[in-house]
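**Student:** Submitted below is the structure of interest, expressed as structure tokens.
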Amino acid sequence: MHNFCYLLRNQNFNVMKKILFLFSIVALLSQAISCSSSQTYLDKNTVSQLVTDKTFTFMAQRANPLSMDVSKVMSAIPGAVASQVINLDYGYTVVVNKDKLTVNLPYYGRAYNAPMDPSKNGYSFSSENFTYISKPGKKNSTMLTFYINDKQFIQKMYLQIYQNGKAYLSIDSNDRQPISYDGYIMKNAANTDKN
């Protein structure tokens, strides 16, 4: 009986050690996530200047589809994690200039009028007939509302830019479910084309 009690206490100690180890891992992960969300992409003055000049690039890092169908499809893939957040490769952008808006973003979700060519499923267009309204947002951010007048399928685009350069883009369109993107803004790339 004495040996049994000793084993039981020893087992409880090992279980407690494992629980403490798991809690410490969770604490470290949550700390890493909070640090990454407060990452500074640009200084406050540069962000303000880019928004005022109406020349900047939104670089998308993650897509957040609102459709549960995407989560169901992803969970059906062996080894995949079902999630509503999709990490994107570098290069998916919205380039804003005073006279031109260029959008190149992937789309995940349900399209009501899908194109015949699956490679044209994303948002890939340029507009020279657009306006946007800038107003203060929550938590010292700037909220930009884009109205694209020469594309029938896009209703509005909302871009919320924070002082550290972090930004969130949401797109509402007529022919598909809404989607949003997490990313950051940066200066427009210099035009290297000499023609």
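**Student:** Applying the selection to the range 139-195, what residues are among the acidic types (D, E) and at pLDDT 90 or above?
**Tutor:** D182
**Student:** List pairs: first in the range 164-187 and among the β-branched types (V, I, T), second in a loop (DSSP other than H, G, I, E, B) and modelled with pLDDT of 90 or more, Cβ under 6 Å, 6+ apart or cross-chain?
**Tutor:** So the pair list comes out as I185/G165.
**Student:** Still on this structure: Take S126 and decide whether it is in a strand (DSSP E or B) and either in contact (Cβ under 8 Å) with a residue 24 or more places away in the chain or more than 17 Å from N104 (Cα to Cα) (or both).
**Tutor:** Against the criterion (in a strand (DSSP E or B) and either in contact (Cβ under 8 Å) with a residue 24 or more places away in the chain or more than 17 Å from N104 (Cα to Cα) (or both)), S126 qualifies.
**Student:** In the list K98, K120, K135, which residue meets the criterion of being in contact (Cβ under 8 Å) with a residue 12 or more places away in the chain and charged (D, E, K, R)?
**Tutor:** Checking each option against the conditions leaves just K98.
The values are calculated or read from the model by the stated rules, or taken from the named source; none is laboratory data. On a predicted model such as this, the values are computed, not experimentally measured, just so you know. Positions of Cβ are generated from backbone atoms using ideal geometry, with glycine treated the same way; all protein chains shown enter the neighbour counts.
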